[in-house]
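First comes the structure, then the notes that go with it.
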Amino acid sequence: MQGVLGNYSEQSVEEMTKEYGQYLMDGESITMGFKLVRDALIFTDKRIILTDKQGATGTKMRVVSINIYSIVSVTMETSGFGFDDSELTFTYINSPELKGHHVTYASHKLEFPKKYDVQSLYKILQELAYENCLRINGLS
């Protein structure tokens, strides 16, 4: 039901590896994963993978990879009393250069069901963003 409402639900690493293992790079491993009806959100030790199955049969699929070293900002909104869901939005550098005059950014919003503890995922992403900002600016 949560998938129909547009919320990700957590899946086991084993399930995600079985279904999406062919998209992993050599030496890469899945650390956590989520499903949204036919789509998936996969966290690995190197990147975030977003899948979007398209069409009536779902055989056509778009796969987007976001390198975790490019994440620079994270915002969180926890669920409220009513039907509100939790949201995480992360901003990342989507240009090839991490420094310079022509750096471009993109954001991606994720919605989770009320019962999911989004704060633990926020902490992971925020620590990544902090370390990335230090590294990119030569402060680490």
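The values are calculated or read from the model by the stated rules, or taken from the named source; none is laboratory data. Since the structure is predicted, the reported quantities are computational estimates derived from the model, not experimental observations. Every residue, glycine as well, gets a Cβ built from its backbone with ideal geometry; the counts of neighbours run over all protein chains shown. Areas reflect the complete protein model, heavy atoms only, side chains present, ligands, DNA and RNA absent. Shrake-Rupley method; radii C 1.70, N 1.55, O 1.52, S 1.80 Å.
Descriptive notes on the structure:
- Just so you know, in the stretch 25-44 the residues that are aliphatic (A, V, I, L, M) and over 18 Å from residue 57 (Cβ atoms) include one that is most open to solvent (accessible area, probe 1.4 Å), and it is 25.
- The condition of being in contact (Cβ under 8 Å) with a residue 60 or more places away in the chain and of a type in the set (S, T, N, Q) holds for only one of 70, 79, that being 70.
- Residue selected from the stretch 68-95 under the condition surrounded by fewer than 16 Cβ atoms within 10 Å (Cβ to Cβ) and within 12 Å of residue 129 (Cβ to Cβ), by the criterion farthest from the chain's Cα centre (by Cα): 75
- Yes/no for residue 8 being open to solvent by 40 Å² or more (accessible area, probe 1.4 Å), in contact with a strand residue (DSSP E or B) (Cβ under 8 Å, 6 or more places away or on another chain) and among the aromatic types (Phe, Trp, Tyr): no
- Sole residue being within 18 Å of residue 40 (Cα to Cα), touching a residue at least 12 places away in the same chain (Cβ under 8 Å) and either of a type outside the set (Gly, Ala, Ser) or in contact with a helix residue (DSSP H, G or I) (Cβ under 6 Å, 6 or more places away or on another chain) (or both), chosen from 109, 99, 114: 109
- The set of residues in the stretch 96-140 that are more than 17 Å from residue 8 (Cα to Cα), open to solvent by 70 Å² or more (accessible area, probe 1.4 Å) and either polar (S, T, N, Q) or modelled with pLDDT under 90 (or both) comprises 96, 97, 99, 101, 102, 107, 137, 140.
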